[in-house]
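The next block holds one structure in the form of structure tokens; read it before the comments.
Each value in this text was obtained by applying a stated rule to the coordinates, not by laboratory testing. Since we're looking at a predicted model, the values are computed, not measured. Neighbour counts run over all protein chains shown; Cβ positions are idealised from the backbone, glycine included.
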Amino acid sequence: MSVSNALIQKIETLTEANYDELFELHKHYHANPELTLLEFNTSVRQAEEYRKAGCDEVAFLAGTGVAALIKNGPGPTILYRNDHDALPIQEENEVSYRSTVPGVGHLCGHSTVPAISVGVARNLVALKEHWSGTALIVSQLGEESGDGARKMLRDGLYEKFPRPDMALAWHCSPTLPGGTVGIRKGPAMACAAHLDILIRGIGGHGGYPSQTKDPVVLAASIVMRLQTIVSREVNPLEPAVVTVGSFVTNSQKGTVIPSEVMLKLTVRCFSHDIYLQILAAIERICRGEAIAAGLPEALFPQVMPFSFFTESVYNDPALTTRLESVFVDYLGKEKVREEPAYTFAEDFAHYADGGQIPISFLWLGSVDPAKFDADGTPKEALPSLHSPRFLTHPPTTIRTGVNAMTVAMTELMKTAV
């Protein structure tokens, strides 16, 4: 697949003309972050930007999700998704556009990718003579909750708009330098489930524990035993994670043995069967430890999985190979990196509609290139996603994101010569 030099020049010229406005849009979103499912101002602004870009239809879905359509004759329909929700984390970056909202920050790149999508929309509208088909651009709410994609789909995304033939997405990479992209064929991101475990006991005075059934000791035993699920029960060739992220009692005094402990867990793996195996093991361990503690059955721990489940991201090999060819042709082989599978989770998986629609989740290099040696080794520890110091490098991230996605979409919908 060979990308026309003349088309590349047009794309880069358009992006450069739009860059200052896209950078300002990114700074606006970064300084004014809105939490998951509360992205009211962000979604209104994003819809306004899509209308100004010349999109044919723009609509809100699931409250604060935005879908924009660019129609350009017969051909494939490509869904291109970005996300615009922020995290409940205090930003620590010293930049002029740092978050102005206490305890809330764009620390996963979700102020950058919406701005990039506006640039792509502008380019596609301006370059209609070079492609034929339909672009469905989705600015998604609630990615950090793991349920935003499903909410938009339940609100009729694939009924109110054309059902896509394929779906693409950028995610900002905390490890790749700006100007590069990351590719992964096949399993790319883990499925994720979240659950609470309510551990009850018989509370009492901390100085007279013999008259109690201490739920703290029981919870501690459960936490330790849970560590054996992955190491001793799951096939060692199957990646899996069981993390207890919160351990909270209903008393905060050292002289009181509480009556309840709440554990909050996340489970990550790449197979629904493995998830069911892990869930069964969690329930068995909770029951077994309660019996060992002599707890009455009426007080046995309650395992409460959340009502939604984030599917694993499986990048269609054929589609991702096509994209890899486009990126290598455009950026050069040295700037297209092979990425591993990660046990992060991404609800982009749900746009595949149970595997019926090929998808490709792509990593966009977002780190200042000056932070790497000539051989590509980071000169310093790089902040991870969700770190209070994660920050994209706009000059390279925005330009590469707009240019490479425009090149990819025009190639996938290339006008027959």
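Brief remarks follow.
- Amide H contacts of Gly365 (H built 1.01 Å from N, under 5 Å, at least 5 apart or other chain): Ser173, Gly179, Thr180, Val181, Gly182
- This model, with +1 at the C-beta of Lys and Arg and -1 at the C-beta of Asp and Glu, gives the range 191-305 a dipole about its Cα centre of some 220 debye.
- Cut-off 10 Å between beta-carbons: net charge of the residues surrounding Arg122, Lys and Arg +1, Asp and Glu -1: -1
- Under 15 Å, Cβ to Cβ, from His171 - net charge with Lys/Arg +1 and Asp/Glu -1: -4
- Note on the chain: with a GNM built from Cα contacts shorter than 10 Å, the maximum mean-square fluctuation among Gly355, Gly376, Gly179 falls on Gly376.
- Over the chain: helical MRE at 222 nm, DSSP H runs n ≥ 4 each giving -39500 (n - 2.57), nearest 500: -11000 deg cm²/dmol
- Applying the criteria of a DSSP loop state and at most 13 other Cβ atoms within 10 Å to the trypsin sites (Lys or Arg not before Pro) of the range 243-279 yields Lys253.
- Length-normalised contact order for the range 191-305 - Cα pairs under 8 Å, 6+ apart - percent: 41 percent
- Using a Förster distance of 35 Å, the FRET efficiency for His205-Asn41 (Cβ separation, nearest 0.05): 0.10
- Hz values of 3J(HN,Hα) by residue in the range 220-233 - Karplus curve (6.51, -1.76, 1.60), Gly and Pro given as x: 4, 5, 5, 4, 5, 5, 4, 5, 8, 4, 6, 6, 10, 10
- The distance between label points at Thr255 and Asp196 comes to 3.0 nm (points 7 Å beyond Cα on the Cα→Cβ vector).
- Dipole magnitude of the range 219-277 about its Cα centre (Cβ charges: Lys, Arg +1; Asp, Glu -1), debye to nearest 20: 220 debye
- Nearest-20 debye value, the chain charge dipole, Cβ charges on Lys, Arg, Asp, Glu: 320 debye
- For the chain, modelled as a GNM whose springs connect Cα atoms under 10 angstrom apart, the maximal fluctuation among Leu323, Leu195, Leu37 occurs at Leu195.
- For the chain, modelled as a GNM whose springs connect Cα atoms under 10 angstrom apart, the maximal fluctuation among His171, His84, His28 occurs at His28.
- Antiparallel bridges, percent of DSSP beta bridges restricted to the chain (to nearest 5): 65 percent
- The phi-based Karplus calculation (6.51 cos²θ - 1.76 cosθ + 1.60; θ = phi - 60°) puts the 3J(HN,Hα) values of the range 88-104 at x, 9, 6, 6, 10, 6, 9, 10, 5, 10, 4, 4, 9, 9, x, x, 9 Hz, whole numbers, x for Gly and Pro.
- Backbone HN-Hα couplings from phi across the range 67-73 [Karplus 6.51/-1.76/1.60, Hz, Gly and Pro as x]: 10, 10, 10, 10, 9, 8, x
- Per residue, the Cα convex hull of the range 191-305 amounts to 90 Å³.
- Summarising the label geometry, the points placed 7 Å from Cα in the beta-carbon direction at Glu238 and Thr100 lie 5.0 nm from one another.
- Top positive-direction residue, dipole computed over the range 19-83 with Cβ charges, set Pro74, Phe60, Gln46: Pro74
- Less than 5 angstrom separates the built amide H of Asp56 from those of Leu69, Ile70, Lys71, all sequence-distant by 5 or more or on a different chain.
- For Lys414, the aspartates and glutamates whose Cα comes closer than 15 Å to its Cα, not counting residues fewer than 8 places off in the same chain, are Glu129, Asp165.
- Interchain or long-range residues, amide H under 5 Å from Ile257's placed H: Gly204, His205, Gly206
- If you wrap the chain in the convex hull of its Cα atoms and look at it from every side, the mean projected area works out to 22.4 nm².
- Farthest toward positive dipole pole in the chain [+1 Lys/Arg, -1 Asp/Glu at C-beta], among Leu385, Thr410, Ser96: Leu385
- Cβ-derived FRET efficiency at R0 60 Å, Thr13 paired with Gln302, nearest 0.05: 0.50
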